[in-house]
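Asks: The following block contains the structure, expressed as structure tokens.
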Amino acid sequence: MDLSLTQEQEMIIGLVRRFVREEILPLELKLDPDADALDAADRDRLISKTKEMGLYGLDIPPEYGGPDIDLVTRTLIAVEMSQHRAGLYAPCYGVFGGAGLAQLFEATEEQKDKYLYPTLRGEKRGFFGLSEPSGGSDPARAIQTKAVRDGDNWIINGSKLWISGADRADFGLVFARTDSSKGRNGVTCFIVDTDTPGFHVRRIVHTLRSAHYATELQFENMVVPERNILGELNKGFAIANDRLTRQRIPYAAGCIGVAIKAQEMALEYVPQRETFGAPLSSRQAIQWMLVDNDIDIKQSLWIVLEAAEKAQRGDPFRKEAAMAKLVATEAGGRVVDRCMQMFGGLGVAKDLPLERWFREMRIRRIGEGPSEVQRHVIARELLGSSLR
Amino acid sequence: MAISLEKPWISSERVNEVLAGHMGVFQLANDNEQTIFIGFAGGKSRGGLKHEVAEMLATFPNAESFRYEITTSYWSRFKELMALHWAEHKSYPQLNNRTQVGRISPTTTGAD
């Protein structure tokens, strides 16, 4: 098994690393510590740069204008892109673009014209509306939002919780129950315009993560045309499930990037900081923290890359994606926590990014399926039918 | 859950007495108790709410009173207050620069 990077991978990663250090970090010094966006002028300038670099829209399939970079390399890029203060939830403040809602690549041509292409051009924004107050980890059972057919339309009533970006979105993918007798086979995905009467962003949900906040949505007799069904009627669960599985790899990669940056900061700091007449780096307690960090980072990186490699090959990767998400989010949390400890008071101050990473990293063990659900997924894969 | 900042307005003369160096959000009002500015004391603020409110009161002479909320979630709370102002008035407060924030449409059904 060859674990070394190709020349091309090294070149691309070097480019992104330089971009983060030379373009993102200096701008970030001027921003509020919790900011998640750049000024429009800076954003436009940096988007031009990433386009010149040939790295804009990394996750967009090449047939839609993406740069055709394999998933393993994209995962390595995601590790690099997150190595700054806002990097966990706003890697490079979005200037590398994104695929938007990847589920739209499977949409009808009419839907693509209206939603996908404008999103890829940066003219429209979408949100992903799955979780509800009744739960998010078990969408097959938790979805209570109901859609009822009315001629050529569907009438949607219900609510969603923990939805990012809905207050700034032009449309969203809303999962609703269309057949209450069929469990996971009774859920349908609708594309909903946010200016539809009855669509409400009821509130912002304040959490540990002040930037990139979540919202609560409410739908009151919202009329959505039949042609806005994404995929097939009652087949929405597969769309949600596929998204949840794929999302776990970049989600994990971001945690590793932050852990790498935190460790880098600690490695610079501990030889300089003296206590009781000797540098912190001479203390065994500190050395062991650094060693544990290094092991955590390396273990999680290989597990995430294995998941990416399997997904790239087209093999089933549900177990590996769950393992990657589980290991990287937990390891990332431990690394940031140890680094805070090494920095002492400075570690918890807003002068350094550690306190933001600490808060945001805590969410990572819950978001996109908590650690316990990942273990459940892995256990099901290991035990198979004997579990049922 | 209430999302508006609905505490009583406090006279601008009481800034030093009432406020300290906390992080948080605040609003300034004119003599008609209309919100004319929404701001926050964030992680880069040197003197927290006390400093930020005093500075803004000095900058905007028509600001007669203020109200505030201490919170470490100042970033999302600021955006929420701006979005709420837009929802209620279809405009941002008179003295705020144009800020790109989201839309909120709080409903009465089941809310609060």
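The values are calculated or read from the model by the stated rules, or taken from the named source; none is laboratory data. Because the structure is a prediction, the values reported are computed rather than measured. Quick reminder, even Gly has a Cβ in these numbers, built from the backbone with ideal geometry, and neighbours come from all protein chains shown. Remember, those area values only see protein heavy atoms, side chains included, never the ligands or the DNA or RNA. Shrake-Rupley method; radii C 1.70, N 1.55, O 1.52, S 1.80 Å.
Asks: Going through A:ARG338, A:ARG356, A:ARG334, A:ARG362 one at a time, which residue ends up being open to solvent by less than 10 Å² (accessible area, probe 1.4 Å) and modelled with pLDDT of 95 or more?
Replies: The unique qualifying residue is A:ARG356.
Asks: With (1) within 11 Å of another protein chain (Cβ to nearest Cβ); (2) under 24 Å from A:ALA37 (Cα atoms) as the list, and B:PRO106 as the residue in question, which single condition is left unmet?
Replies: If we test B:PRO106 against (1) within 11 Å of another protein chain (Cβ to nearest Cβ); (2) under 24 Å from A:ALA37 (Cα atoms), just (2) comes out false.
Asks: Given the criterion touching a Pro at 6+ places or on another chain (Cβ under 6 Å) and open to solvent by 40 Å² or more (accessible area, probe 1.4 Å), identify the matching residue among A:PRO271, A:PRO250. Spell out how you get there, then give the answer.
Replies: Details: A:PRO250 fails: touching a Pro at 6+ places or on another chain (Cβ under 6 Å).
Exactly one residue qualifies, and that residue is A:PRO271.
Asks: Limited to the stretch A:301-331, what total is found for residues that are of a type in the set (Phe, Trp, Tyr) and buried (at least 20 other Cβ atoms within 10 Å of the Cβ)?
Replies: In the first step, residues of the stretch A:301-331 are kept if they are of a type in the set (Phe, Trp, Tyr); the result is A:302, A:317.
Checking which are buried (at least 20 other Cβ atoms within 10 Å of the Cβ) leaves us with A:317.
Count: 1.
Asks: Assess whether A:ALA166 counts as being within 14 Å of another protein chain (Cβ to nearest Cβ) and buried (at least 23 other Cβ atoms within 10 Å of the Cβ). Full working, then the answer.
Replies: Numbers: within 14 Å of another protein chain (Cβ to nearest Cβ): yes; buried (at least 23 other Cβ atoms within 10 Å of the Cβ): yes.
In short, yes.
Asks: Tell me which of these A:GLY369 doesn't satisfy, since it passes every other one: (1) part of a helix (DSSP H, G or I); (2) surrounded by 15 or more Cβ atoms within 10 Å (Cβ to Cβ); (3) of a type outside the set (S, T, N, Q).
Replies: Status for A:GLY369: all satisfied but (1).
Asks: Out of A:LYS298, A:LYS310, A:LYS325, which single residue is in a helix (DSSP H, G or I) and under 16 Å from A:ARG365 (Cα atoms)?
Replies: After ruling out the rest, the residue left standing is A:LYS325.
Residue by residue, here is whether (1) loosely packed, with under 14 Cβ neighbours inside 10 Å; (2) assigned to a loop (DSSP other than H, G, I, E, B) holds:
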{"residue": "A:GLN9", "(1), (2)": "no, no"}
{"residue": "A:ILE12", "(1), (2)": "no, no"}
{"residue": "A:ARG21", "(1), (2)": "yes, no"}
{"residue": "A:ALA37", "(1), (2)": "no, yes"}
{"residue": "A:ASP44", "(1), (2)": "yes, no"}
{"residue": "A:LYS51", "(1), (2)": "no, no"}
{"residue": "A:GLY66", "(1), (2)": "no, yes"}
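Asks: I'd like to verify a number: residues in the stretch A:324-369 that are basic (Lys, Arg), under 16 Å from the mean Cα position of the chain (by Cα) and under 13 Å from A:VAL258 (Cα atoms), how many?
Replies: 3
Asks: Quick check on my filter: what residues within the stretch B:69-97 are under 12 Å from the mean Cα position of the chain (by Cα), open to solvent by 50 Å² or more (accessible area, probe 1.4 Å) and more than 14 Å from chain A (Cβ to nearest Cβ)?
Replies: B:TYR92
Asks: Next question, about the same structure. Across the stretch A:188-216, which residue is surrounded by the most Cβ atoms within 10 Å (Cβ to Cβ) among those that are among the charged types (D, E, K, R) and part of a loop (DSSP other than H, G, I, E, B)?
Replies: A:ARG209
Asks: Might you let me know whether the stretch A:322-344 holds any residue that is on the phi > 0 side of the Ramachandran plot and either in contact with a Gly (Cβ under 8 Å, 6 or more places away or on another chain) or more than 14 Å from chain B (Cβ to nearest Cβ) (or both)?
Replies: Taking every residue of the stretch A:322-344 in turn, at least one turns out to be on the phi > 0 side of the Ramachandran plot and either in contact with a Gly (Cβ under 8 Å, 6 or more places away or on another chain) or more than 14 Å from chain B (Cβ to nearest Cβ) (or both).
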